[in-house]
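Comments concern the structure below.
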Amino acid sequence: MAQRKTRKKNFKQLLAKYLDIKGLDIILVLEDGKEIELYKNRSIVGDMIVTFDIDNGERKIPLKNVKHVDMYAA
């Protein structure tokens, strides 16, 4: 169980570093197969990824629902 918590902590810390780089386009792939593109105004608050965009306003995505992350240099 401790290894799982360490893995989650490492994923969260690494993702937080990548979210701070505004030149990266980040796409989240959720457990259900849905893909969500994160806009440049994004951050991690607690165990949630929070992103803001003009059309949809604030959007919160739980980290536990993220299967993997795709990143592209813009």
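The values are calculated or read from the model by the stated rules, or taken from the named source; none is laboratory data. Remember, it's a predicted structure, so these values are computed and weren't measured experimentally. Neighbour counts run over all protein chains shown; Cβ positions are idealised from the backbone, glycine included. Please note that ligands, DNA and RNA were not included when accessible areas were found on the heavy atoms of the full protein model with its side chains. Shrake-Rupley method; radii C 1.70, N 1.55, O 1.52, S 1.80 Å.
The angle between the Cα long axis of helix 2-20 and the longest principal axis of the Cα atoms of the chain comes to about 20 degrees, rounded to the nearest 10. Per atom type, the chain shows carbon and sulfur on 52% of its accessible surface, probed at 1.4 Å.
Determine the dipole magnitude for the chain: charges of +1 sit on the beta-carbon of Lys and Arg, -1 on that of Asp and Glu, nothing else is charged, the reference point is the Cα centre, and the result goes in debye to the nearest 20. Walk me through the intermediate numbers first.
On the way: 15 positive and 11 negative charges, 125 e Å.
About 600 debye.
Simple rule: put +1 on each Lys or Arg Cβ and -1 on each Asp or Glu Cβ in the chain, find the dipole, and look at Gly23, Ile54, Val66; the Cα lying farthest toward the positive end is Val66.
Determine the calculated [θ] at 222 nm for the chain from helices alone, applying -39500 (n - 2.57) to every DSSP H run no shorter than 4 residues and normalising by the residue count; nearest 500 deg cm²/dmol. Walk me through the intermediate numbers first.
Values: 1 runs with 19 residues, N = 74.
Value at 222 nm, helices only: -9000 deg cm²/dmol.
Rolling a 1.4 angstrom probe over the protein heavy atoms with all chains in place gives the chain an accessible area of 74 Å² per residue.
Here the chain is described by how far its Cα atoms reach on the three principal axes: 40, 24, 21 Å, from widest to narrowest.
Structural descriptor for the chain: relative contact order 31 percent, calculated from alpha carbon pairs under 8 angstrom and at least 6 residues apart. Taking packing as the residue-averaged number of other Cβ atoms within 10 angstrom, the listed peptides 11-22, 40-51 run from highest to lowest as 40-51, 11-22.
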